[in-house]
Amino acid sequence: LQQVGPNRAKMEDAVRRIESTGGGIFVYNGLAAAWKSLQKSPVGQRHIILFSDAADSEEPGDYKKLLDEVVK
C-alpha cells in the first residue's frame with residue numbers, strides 16, 4: 001500500500017514496464033489478496049488495479065460476489 005500522489009511517477013514507470021509473459025492469472029486470488037490488504041488501510045479512497053489478459057485468466061472463482069463486497 002502506498003499513496004499515489006508522492007509516488008505517481010515511480011508507479012507509472014513500474015506499470016509501463018509490465019510485460020505479459022503468460023502462465024495464467026488467478027483472478028479471484030489476486031482480488032481477494034488486494035481486498036484483504038485494503039481492509040487494513042485507514043484512508044477513505046482506495047483502489048485495486050488488476051492486470052489480466054482475458055485469454056490467460058484462470059480460477060475466476062466468484063469474483064462478482066467479491067467485487068460486490070469490495071464496493072460496499
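The values are calculated or read from the model by the stated rules, or taken from the named source; none is laboratory data. Quantities reported herein were computed from a predicted structural model and do not represent experimental measurements. When we count neighbours, we look across all protein chains shown, and the Cβ atoms used for this are built from the backbone with ideal geometry, even at glycine. Side chains included, ligands, DNA and RNA excluded: accessible areas come from the protein's heavy atoms. Shrake-Rupley method; radii C 1.70, N 1.55, O 1.52, S 1.80 Å.
Couple of notes before you dig in:
- From phi via Karplus (6.51, -1.76, 1.60), per-residue ³J(HN,Hα) for the range 40-47 in Hz, x at Gly/Pro: 7, 7, x, 7, x, 9, 10, 9
- Rounded percent of accessible protein surface that carbon and sulfur make up, the chain, 1.4 Å probe: 52
- For residue 25, residues with placed amide H under 5 Å, excluding near neighbours: 57, 58
- Sorted peptide list for 24-30, 10-16, 39-45, 62-68, criterion being average Cβ within 10 angstrom, highest first: 24-30, 62-68, 10-16, 39-45
- Label corresponding to P(r) over Cα pairs in 10 Å bins from 0, in percent when calculated from the structure given, among [x] 16, 43, 36, 5; [y] 19, 52, 26, 3, 0; [z] 21, 58, 17, 4, 0: [x]
- ³J(HN,Hα) computed for each position of the range 30-37 - Karplus, 6.51 cos²θ - 1.76 cosθ + 1.60, integer Hz, glycine/proline x: x, 5, 5, 5, 5, 5, 4, 5
- Dividing the summed helix terms, -39500 (n - 2.57) for each DSSP H run of n ≥ 4, by the number of residues in the chain produces a 222 nm estimate of -12000 deg cm²/dmol to the nearest 500.
- Each Lys and Arg adds +1 at its Cβ and each Asp and Glu adds -1 at its Cβ; summed about the Cα centre, the chain shows a dipole of about 480 debye.
- Accessible area per residue in Å² at 1.4 Å probe, computed on the chain: 84
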